[in-house]
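Undergrad: Have a look at this one before I ask anything.
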Amino acid sequence: MVSSSEMPYFVRPSINIADAEKVEIYAKAQAEIDALLQGETHPILKMATINCLLKTHLTYYYWTGFYLVHEEHLIVGPYQGTLGCLHIDFDRGVCGKAAREKMTQIVTDTHALEQGKDHIACDPNSQSEIVVPVFNGKKELIAVFDVDSSEKNSFNHIDQTYSESILNHHFSQE
Ligand code: SME
C-alpha cells in the first residue's frame with residue numbers, strides 16, 4: 001500500500017486545543033453518544049457512531065477508528081480517515097502494544113518511535129496518537145480504538161479518561 005502525505009479533499013489537518021476546551025467538548029460529545037446509542041447493541045453500529053461523533057467534535061482527531069481482534073491479530077474495523085492498514089500483528093505498532101498490554105497508549109511524537117516496529121504509519125501525516133483497548137462484558141479484549149492527529153502532542157490524560165469512559169460504558173457492561 002502506497003501512502004501519500006497529500007491530504008485528500010475530505011481530510012483536514014488537526015488543530016490542537018486547550019485542556020479546558022477538551023473537557024467541555026468531550027462532555028458534550030459523550031452526552032450525544034450516550035443518547036444516540038441508548039438501547040443499541042450491535043458493536044459495529046456503536047463503533048461507527050463513536051467514530052463519527054468524536055471526529056465531528058474534536059478538531060485534532062485526524063484518523064479515527066477501531067481495529068478488531070480477529071484470529072490472533074488485529075484487523076481494520078469501522079474508521080474515518082485515509083486508508084488504514086488492513087492487518088496489524090500484536091507484536092507491532094502502537095495498536096499491537098495497546099492490545100498486548102491491555103493498556104491505553106499515548107504517543108506525543110509518533111516519528112520518535114521505530115517505524116514499522118513500534119509505530120506503523122498508515123498515513124505519513126500522523127504525528128501523535130492515542131490507542132485505547134476495548135473490552136466486552138466478560139473483560140475480554142475485542143478491539144482497540146485508535147486516533148491519530150496530524151499535530152504532535154495532541155493527546156493527554158483527558159483523552160484517555162473520556163475515551164476509556166465512553167468505550168467502557170458502551171462495550172464493557174454485561
Ligand atoms: N499507527 C497505528 C497503525 C494504525 S494507523 O495509524 C490507522 C500503529 O502504530 O499501530
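Undergrad: When the residues of region 102-121 are filtered to those that are within 13 Å of the ligand (Cβ to nearest atom) and among the charged types (D, E, K, R), which remaining residue is surrounded by the most Cβ atoms within 10 Å (Cβ to Cβ)?
TA: Here the residue is Asp118.
Undergrad: Could you tell me how many of the residues in region 1-26 are without any contact (Cβ under 8 Å) to a residue 24 or more places away in the chain and under 24 Å from Asn156 (Cα atoms)?
TA: Within region 1-26, the first condition is being without any contact (Cβ under 8 Å) to a residue 24 or more places away in the chain, and the residues that meet it are 2, 6, 9-10, 12, 18, 20-21, 24.
Pick out the ones that are also under 24 Å from Asn156 (Cα atoms) and you get 12, 18, 20-21, 24.
Residues meeting the conditions: 5.
Undergrad: Also: Only one of these is among the aromatic types (Phe, Trp, Tyr), surrounded by 19 or more Cβ atoms within 10 Å (Cβ to Cβ) and more than 8 Å from the ligand (Cβ to nearest atom): Phe90, Phe66. Name it.
TA: Going through Phe90, Phe66 in turn, just one is among the aromatic types (Phe, Trp, Tyr), surrounded by 19 or more Cβ atoms within 10 Å (Cβ to Cβ) and more than 8 Å from the ligand (Cβ to nearest atom): Phe66.
Undergrad: Here is a list: Lys117, Lys138, Lys97. Which entry is touching a helix residue (DSSP H, G or I) at 6+ places or on another chain (Cβ under 9 Å), at negative phi and either at pLDDT below 95 or charged (D, E, K, R) (or both)? It would help to see each step written out before you state the result.
TA: On the way: Lys138 fails: touching a helix residue (DSSP H, G or I) at 6+ places or on another chain (Cβ under 9 Å); Lys97 fails: touching a helix residue (DSSP H, G or I) at 6+ places or on another chain (Cβ under 9 Å).
Result of the check over Lys117, Lys138, Lys97: Lys117.
Undergrad: Still on this structure, please answer the following. Take the conditions over 13 Å from the mean Cα position of the chain (by Cα) and either surrounded by fewer than 17 Cβ atoms within 10 Å (Cβ to Cβ) or free of Cβ contacts under 8 Å to residues at least 12 places away in the same chain (or both) and apply them to Ile75. Does it pass? Talk me through it step by step, then tell me what you get.
TA: Details: over 13 Å from the mean Cα position of the chain (by Cα): yes; either surrounded by fewer than 17 Cβ atoms within 10 Å (Cβ to Cβ) or free of Cβ contacts under 8 Å to residues at least 12 places away in the same chain (or both): yes.
In short, yes.
Undergrad: Sort out for me the strands (runs of 3 or more DSSP E) sitting completely within region 64-174 that have 3 or more residues that are more than 29 Å from Ala27 (Cβ to Cβ). Before you say what the answer is, go through the steps one by one.
TA: On the way: elements: 73-80, 105-107, 128-135, 141-149.
Qualifying strands (runs of 3 or more DSSP E): 73-80.
Undergrad: Then there's this: Taking interchain pairs and intrachain pairs at least six residues apart, which have beta carbon atoms under 8 angstrom, with the first residue in region 97-112 and among the charged types (D, E, K, R) and the second assigned to a loop (DSSP other than H, G, I, E, B) and surrounded by fewer than 19 Cβ atoms within 10 Å (Cβ to Cβ)?
TA: Pairs found: Lys97/Asp118; Arg100/Phe90; Arg100/Asp91; Asp109/Lys152; Asp109/Asn153.
Undergrad: Continuing with this model, one more query. Exactly one condition in (1) closer than 22 Å to Thr110 by Cβ; (2) in contact with a Leu (Cβ under 7 Å, 6 or more places away or on another chain); (3) of a type outside the set (A, V, I, L, M, F, W, C) is false for Thr49; which is it?
TA: For Thr49, the exception is condition (1).
The values are calculated or read from the model by the stated rules, or taken from the named source; none is laboratory data. Worth saying up front: this structure is predicted, and the values here are computed from it rather than measured. Cβ: placed from backbone, ideal geometry, glycine included. Neighbour counts: every protein chain shown.
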